[in-house]
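Participant: My questions will all concern the structure given below.
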Amino acid sequence: MTRTALAVRTSATAASPNAPVPNAPAAVRPPLPVLGLDVEVPLATGGTVPYAALDYAASAPALRRVWDDVAAYLPSYASVHRGAGHLSRLSTDLYEESRRTVADFLDLPEDRQVVFTRGTTDSLNLLAAALPAGTRVFSFVTEHHASLLPWRRDGLRPVYLPAPRSPRQAVAALREALASAPSGPGLLCVTGASNVTGEIWPVAELTEVAHRHGVRVVLDAAQLAPHRRVSVRELGVDWVALSGHKLYAPFGAGVLAGRTDWLDAAEPYLAGGGASRAVECRGDGTVAVEWHHGPARHEAGSPNVVGVHALASACRALTDAGPDALAAREEVLLDRLRAGLAEVPGVRVLGLFGEDHPRVGVLSFTVEGRRSSDFSAALSAEYGIGVRDGLFCAHPLVRALLGGAGEASARCGASGLSPIDGRSLDAVRVSFGAGTPEEHIERFLTAVRDLTGTGVHR
């Protein structure tokens, strides 16, 4: 990295006076500074209130440090890998330094690579396009649609495993499926943490079983990476995919990090400038192309240097704050949230693996006799709280968690209550993270108690 580039980065990432106190007890450790805490939103009952963002699982707010880094860089913004000018060289240095930062954040072995994408969905579709013909792709039906649907393309053979009710059952189901599978290339796609329940999956154990049968593994870390340390080296996975907008860097960047062989053997995901090493127009009217190897092969076009720089900034911020300390603080908030909901009659928290199974800060629930859409709308209109309702781009999982109520309707994305037995067809999801104040959790619990006691106001 050039001296100038280093100066831009370090001047933008100086410690904030509101930064967490190192080694502070989890119960009193302050949240990381994020944007939006001072945004006032109107209430249907009159007046305004500071917005409580409890929809981190969809998109987390930007860390203040990320915003400062981006603002410091933007005056020097220029094209990447395109010019000999000073600002172009500066941008290229920042872009490639960001690649190394993300590799360090993921504890990526030296023989692996980081490819920048638009997000987890883009990353998994890129990998799907690079798989050898005939690859069998194993995934549980409990996956997010981004890691469930890309494998349906021509030439691949998706194998969908049923929803497990324990980590042990998940490992056993995979072992049984692989034992009877014919030879040939294989891939397991598995989430690190559910975007519906927050439950952490047994990734290392599943990876061990897969590798024993010659099957590679891609980890969907979209929900895991913002909450827990992700070490590719320790988990043993072959690839990991994640999104910047869930990692406090909402500037349109994502990552596919891992092995190079299948990616280098495949046609570029996007054909265009940057992916091509040499192009020649032949006399017979055809165009011959020599493609790059390595990350450039699948990063055609002008790179999103702002998004990549923001993503790297978030990785540094989370590393500096200490993943273990952030997880400990999150556990305090999660315990308070679960204990508070347990006291409210009619509230049912959803889960596959049981109440004692480890979770990240994502939790979905239903309220007996209430439409989730009405309930979430009331949280916003009357209390200034933002959550999400619906099926969370994980229709088969939510349907399984709801016990099959209105199965056909849920499959099509319907919401509301079953006309047969009044059970919910969808759920409310509350999610939080490193920037969530304790007050937001308490306000949410107060709102739930009020709404279940007085009903949803229409």
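Participant: Assess whether Glu97 counts as being within 28 Å of the chain's Cα centre (by Cα), surrounded by fewer than 17 Cβ atoms within 10 Å (Cβ to Cβ) and of a type in the set (Asp, Glu).
Facilitator: no
Participant: With respect to Leu352, is the statement that it is outside the structural domain of Arg259 (by TED's automatic domain parsing), crowded, with 19+ Cβ neighbours inside 10 Å, touching a residue at least 12 places away in the same chain (Cβ under 8 Å) and under 18 Å from Thr436 (Cβ atoms) true?
Facilitator: When the stated conditions are applied, Leu352 does not pass them.
Participant: Residue by residue through the stretch 280-292, note down the ones that are assigned to a strand (DSSP E or B) and surrounded by 12 or more Cβ atoms within 10 Å (Cβ to Cβ).
Facilitator: Val289, Trp291, listed by residue number.
Participant: Another question about this same structure. Which one is surrounded by the fewest Cβ atoms within 10 Å (Cβ to Cβ) among residues in the stretch 169-194 that are of a type outside the set (A, V, I, L, M, F, W, C) and in contact with a helix residue (DSSP H, G or I) (Cβ under 9 Å, 6 or more places away or on another chain)?
Facilitator: Per the stated criteria, the residue is Arg175.
Participant: Does the stretch 299-348 hold any residues that are under 25 Å from Gly272 (Cα atoms), at pLDDT 95 or above and either surrounded by fewer than 21 Cβ atoms within 10 Å (Cβ to Cβ) or over 19 Å from the mean Cα position of the chain (by Cα) (or both), and which are they?
Facilitator: Val305, Val306
Participant: If I ask for residues that are among the charged types (D, E, K, R) and out of contact with any strand residue (DSSP E or B) (no Cβ under 8 Å at 6 or more places or on another chain), which ones from the stretch 136-156 would you list?
Facilitator: Passing the criteria: Arg153, Asp154.
Participant: Pairs only if they're at least six apart or on different chains, beta carbon under 6 angstrom, first in the stretch 191-207 and acidic (Asp, Glu), second part of a loop (DSSP other than H, G, I, E, B) and modelled with pLDDT under 95; list them, first residue then second.
Facilitator: Taking only residues 6 or more apart or on different chains, not a single pair turns up.
Participant: Tally the residues that are in contact with a Leu (Cβ under 8 Å, 6 or more places away or on another chain) and not polar (S, T, N, Q), restricting the search to the stretch 345-366.
Facilitator: 10
Let's see how each residue does on (1) among the acidic types (Asp, Glu); (2) not in a helix (DSSP H, G or I):
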residue	(1), (2)
Val49	no, yes
Arg65	no, no
Asp69	yes, no
Pro75	no, no
Arg82	no, yes
Ser88	no, no
Thr92	no, no
Glu97	yes, no
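Participant: Among strands (runs of 3 or more DSSP E) lying entirely in the stretch 293-401, which contain 3 or more residues that are touching an Asp or Glu at 6+ places or on another chain (Cβ under 7 Å) and within 27 Å of Asp450 (Cβ to Cβ)?
Facilitator: 388-390
Participant: From (1) within 25 Å of Leu224 (Cα to Cα); (2) in the same structural domain as Gly258 (by TED's automatic domain parsing), pick out the condition that doesn't hold for Ala339.
Facilitator: (2)
Participant: In the stretch 141-186, which residues are under 23 Å from the mean Cα position of the chain (by Cα), farther than 18 Å from Asp220 by Cα and of a type in the set (Ser, Thr, Tyr)?
Facilitator: Ser166
Participant: Would you pick out the residues in the stretch 54-77 that are crowded, with 18+ Cβ neighbours inside 10 Å and of a type in the set (A, V, I, L, M)?
Facilitator: Within the stretch 54-77, Leu54, Ala57, Ala60, Ala62, Leu63, Val66, Val70, Ala72 qualify.
Participant: From (1) farther than 14 Å from Ser431 by Cβ; (2) among the hydrophobic types (A, V, I, L, M, F, W, C); (3) touching a helix residue (DSSP H, G or I) at 6+ places or on another chain (Cβ under 6 Å); (4) touching a residue at least 60 places away in the same chain (Cβ under 8 Å), pick out the condition that doesn't hold for Val387.
Facilitator: Answer for Val387: the failing condition is (1).
Participant: Please find, within the stretch 110-131, the residue that is surrounded by the most Cβ atoms within 10 Å (Cβ to Cβ) out of those that are in a helix (DSSP H, G or I), within 19 Å of the chain's Cα centre (by Cα) and not β-branched (Val, Ile, Thr).
Facilitator: Of everything passing the filter in the stretch 110-131, Ser123 is surrounded by the most Cβ atoms within 10 Å (Cβ to Cβ).
Participant: Still on this structure, I have one more. Please list, ordered by first then second residue, the pairs with beta carbon atoms under 6 Å, 6 or more apart or interchain, first in the stretch 423-437 and in a loop (DSSP other than H, G, I, E, B), second of a type in the set (Phe, Trp, Tyr) and at pLDDT 95 or above.
Facilitator: Phe432/Tyr56; Gly433/Tyr56
Here is a yes/no grid of residues against (1) under 22 Å from the mean Cα position of the chain (by Cα); (2) of a type in the set (A, V, I, L, M, F, W, C):
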position	(1), (2)
Leu188	yes, yes
Pro202	yes, no
Ala210	no, yes
Val217	yes, yes
Ala221	yes, yes
Ala257	yes, yes
Trp262	no, yes
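Participant: Report yes if Arg277 is surrounded by fewer than 15 Cβ atoms within 10 Å (Cβ to Cβ), basic (Lys, Arg) and under 33 Å from the mean Cα position of the chain (by Cα), otherwise no.
Facilitator: yes
Participant: How many residues does the stretch 405-454 contain that are surrounded by 13 or more Cβ atoms within 10 Å (Cβ to Cβ), more than 25 Å from the chain's Cα centre (by Cα) and modelled with pLDDT under 50?
Facilitator: Within the stretch 405-454, residues that are surrounded by 13 or more Cβ atoms within 10 Å (Cβ to Cβ), more than 25 Å from the chain's Cα centre (by Cα) and modelled with pLDDT under 50 number 4.
The values are calculated or read from the model by the stated rules, or taken from the named source; none is laboratory data. These numbers come from a predicted model, not from an experiment. Here Cβ is always computed from backbone atoms with ideal geometry, including for glycine, and neighbour counts include all displayed protein chains.
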